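Down below is the structure, laid out as structure tokens.
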Amino acid sequence: MKYIALILGALLASGCSTSSTHRPSDYQVETNAPQPTVSLFPNDGPSMSDAQIKNALAHQISLPQINRIAIVNLSTKNNSRMNSQEFVQIDNEMITHFIDKLKSSHRIYDASFLPTLLLPQQKTVPFLREAAARYQADLILVYKNGCDNFKQLRLFEQDRVRSYCSTEAVLIDTRTGIVPFTLTATKQYTVNRDAKELNFHETLRKAELKAINAGLSEVATKLTSHIEATPKL
């Protein structure tokens, strides 16, 4: 209990803000856009007609001049982060860096996590699109982290952990349902065990967070470049 109280106190004192931003007054979507801005998957069912498939494949994606991105993290929750205040701080700094990097693009006016109260039980494209529409998000960025860890026990040197973490990211256009961008970023990070760490699990978790941070940074860099190169509505 004392660990939880300590962590909650730290979060209240410093915290990690991921609040949304107001839509700018100059935000607009041209009504005479050459490409349709309605869903290309009207039924969102398990099958599409030949005509619907043809329309989806022929569609040229275009986006508003500036966009709001709703972020959804589908990674399995790792409660081990609550074992250390340091991990909470690293995790918060990682998310802040990721969001700031997205918002640094001149085509993105807001990037924020879709509120948990809006998250549908079924994390399928139709339900995510509906939640994003309520949030007035032009785009949905869905990502998932996964890690494989390897312990290296050494006789005359410090033990260490090497983590290989993959971040799989998918961008969904809320208006049409098209997926214009995907990326799987795989990073590795090696950490030597610190004598101050209580157990090997702390070393492992630190390596994971460092590798995930590098993966998210690559996702943000390549995603912003892709959006900036996308034609405007």
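Matching residues to (1) over 30 Å from His201 (Cβ atoms); (2) touching a Ser or Thr at 6+ places or on another chain (Cβ under 9 Å); (3) in a strand (DSSP E or B):
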residue	(1), (2), (3)
Asp110	yes, yes, yes
Pro120	yes, no, no
Arg129	yes, yes, no
Ala132	yes, yes, no
Ala137	yes, yes, no
Ile140	yes, yes, yes
Tyr143	no, yes, yes
Cys147	no, yes, yes
Phe150	no, yes, yes
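Quick check on segment 170-220: of everything there that is of a type in the set (D, E, K, R) and assigned to a helix (DSSP H, G or I), which residue is modelled with the highest pLDDT? Steps first, please.
Keep residues of segment 170-220 that are of a type in the set (D, E, K, R), which gives 173, 175, 187, 193-194, 196-197, 202, 205-206, 208, 210, 218.
Right, trim to assigned to a helix (DSSP H, G or I) and you get 202, 205-206, 208, 210, 218.
Working: Glu202: 77, Arg205: 84, Lys206: 82, Glu208: 89, Lys210: 89, Glu218: 97.
Within segment 170-220, the match that is modelled with the highest pLDDT is Glu218.
Name the residue, out of Met48, Met82, that is modelled with pLDDT under 90, more than 16 Å from the chain's Cα centre (by Cα), on the phi < 0 side of the Ramachandran plot and part of a helix (DSSP H, G or I).
Matching residue, one of Met48, Met82: Met82.
Hey, can you tell me all the residues within segment 94-118 that are over 13 Å from Leu141 (Cα atoms), free of Cβ contacts under 8 Å to residues at least 60 places away in the same chain and in contact with a helix residue (DSSP H, G or I) (Cβ under 7 Å, 6 or more places away or on another chain)?
Correct list: Leu118 only.
The values are calculated or read from the model by the stated rules, or taken from the named source; none is laboratory data. Note that this is a predicted model, so its numbers are computed, not measured. As a convention, Cβ positions derive from the backbone with ideal geometry for all residues, glycine included, and neighbour counts pool all protein chains shown.
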